[in-house]
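The values are calculated or read from the model by the stated rules, or taken from the named source; none is laboratory data. Note that the structure is predicted; figures quoted are calculated from it, not measured. Reconstructed Cβ throughout: ideal geometry from the backbone, glycine too, with neighbour counts over all protein chains shown. Protein only, heavy atoms only, side chains kept; ligands, DNA and RNA dropped before computing areas. Shrake-Rupley method; radii C 1.70, N 1.55, O 1.52, S 1.80 Å.
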Amino acid sequence: MEAEIVILPDADALARVAAEHFAGLAREAVKSRKRFTAVLSGGSTPGGLFRLLAEEPYRTQIPWAQVHLFWADERCVPPDDPGSNYYLTHETLIEHIPIPPENVHRMQGELEPKAAAKLYELALQDFFCGPRPRFDLVLLGMGEDGHTASLFPGSPLLAETERLAAPAQASYQDRPAQRVTLTLPALNSARQILFLVAGSAKARIVQAVMEGPAGRLPAQYIQPTAGQLTWLLDAEAASLLKG
Ligand code: 6PG
């Protein structure tokens, strides 16, 4: 299926459209499958979305008791460290919504990365009762180098076909280098994958991912095998697109 590209005026509009998407999918999934499984990312972009979801009307509209939150990646720091992806989500969303604690499936960034990855894989297989998860929604961001989750350019993880989660190491800006990430088999089996990308610093890489040669940048490897891929871009991030 072709990726859908939606261009919005600014980061606020992007967060609003993402919140509508999240709430709509949550209600639909709970109606048909009695639960909604969503994978969240870190970085600065999803903060606006998380804050909106914690406010009305979404706080009441979303059936939080049936929502299960997972993570695309985690930095190897304790859960109360400001560099932790879980911490960002906790501060902006989790502590403001009526979600049962057992529905929050965080990666254990405080553990040794290989052990944390293995434990996450086992937890996913247990939760989904099978070898592969099928998330209802995966929310991803993209770095200025084309990385997504903690799948970085040139990483051997881009060829991973078995493991669901793996340790990763990469320096990017001032963020912790040791990480745990979901792999392509775990991410690409989702029903819906939504990229959120905003700001002029991303314009060049957005253009390279969409209009450059295929198969080079990690974000280009995000191709749901039986699902829908949508890119939400703000006007600045989309400014170099020709098509
Ligand atoms: C992380 C993320 C990572 C992020 C991108 C984009 O833990 O760092 O999950 O993949 O989504 O780096 O980050 P920004 O939204 O800050 O640009």
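Here are a few things to note about the model shown:
- Whole-percent carbon and sulfur share, accessible surface of the chain, 1.4 Å: 52 percent
- List Glu211, Glu95, Glu162, ordered by accessible area with a 1.4 Å probe, largest first: Glu162, Glu95, Glu211
- The stretch 121-179 - Kirkwood radius from inverse mean 1/r over Cα pairs (Å): 13.2 Å
- Rounded to 5, percent antiparallel among DSSP beta bridges of the stretch 165-243: 50 percent
- The stretch 11-31 and the stretch 101-168: distance between their alpha carbon centers, rounded to Å: 22 Å
- Mean separation of Cα contacts under 8 Å, 6 or more apart, over the residue count of the stretch 1-80: relative contact order %: 36 percent
- Given charges at beta-carbon only (K, R positive; D, E negative), |dipole| of the stretch 143-243 in Debye: 100 debye
- 3J(HN,Hα) from dihedral phi, the stretch 18-30, Karplus parametrisation 6.51/-1.76/1.60, rounded to Hz, x for glycine, proline: 5, 5, 4, 4, 4, 5, x, 5, 4, 5, 4, 5, 5
- Rough spin-label spacing in nm, given labels placed 7 Å along Cα→Cβ, for Asp81 and Arg132: 3.3 nm
- Directionally averaged projected area (convex hull, Cα atoms, the stretch 1-47), nm²: 4.4 nm²
- Cleavage-rule hits, trypsin sites (Lys or Arg not before Pro), the stretch 1-110, DSSP coil, Cβ neighbours within 10 Å at most 13: Lys34
- Think of a 1.4 Å ball rolled over the protein heavy atoms: the chain then has 44 Å² of accessible area per residue.
- Close amide H partners of Ile5, meaning residues 5 or more places away or on another chain with modelled amide H under 5 Å apart, are Trp231.
- Average Cα contact separation per residue, the chain, under 8 Å, 6 or more apart, as relative contact order %: 25 percent
- Within straight-line cross-link reach of Lys202, aspartates and glutamates at Cα separation under 15 Å, skipping those fewer than 8 residues along the same chain: Asp10, Glu144, Asp145, Glu211, Asp234, Glu236
- A dipole drawn for the chain from +1 and -1 charges on Cβ atoms has a positive end, and of Ala237, Ile94, Gln125 the residue lying farthest that way is Gln125.
- Per-residue extension of 0.36 nm, minus the Cα-Cα distance of Arg27 and Glu95, leaves a gain of 22.4 nm for this segment.
- Working value for the stretch 63-118: equivalent-ellipsoid semi-axes of 21, 13, 7 Å, each the square root of 5 times a Cα gyration tensor eigenvalue, largest first.
- Most mobile of Glu102, Glu74, Glu112 in a GNM of the chain (Cα contacts under 10 Å): Glu102
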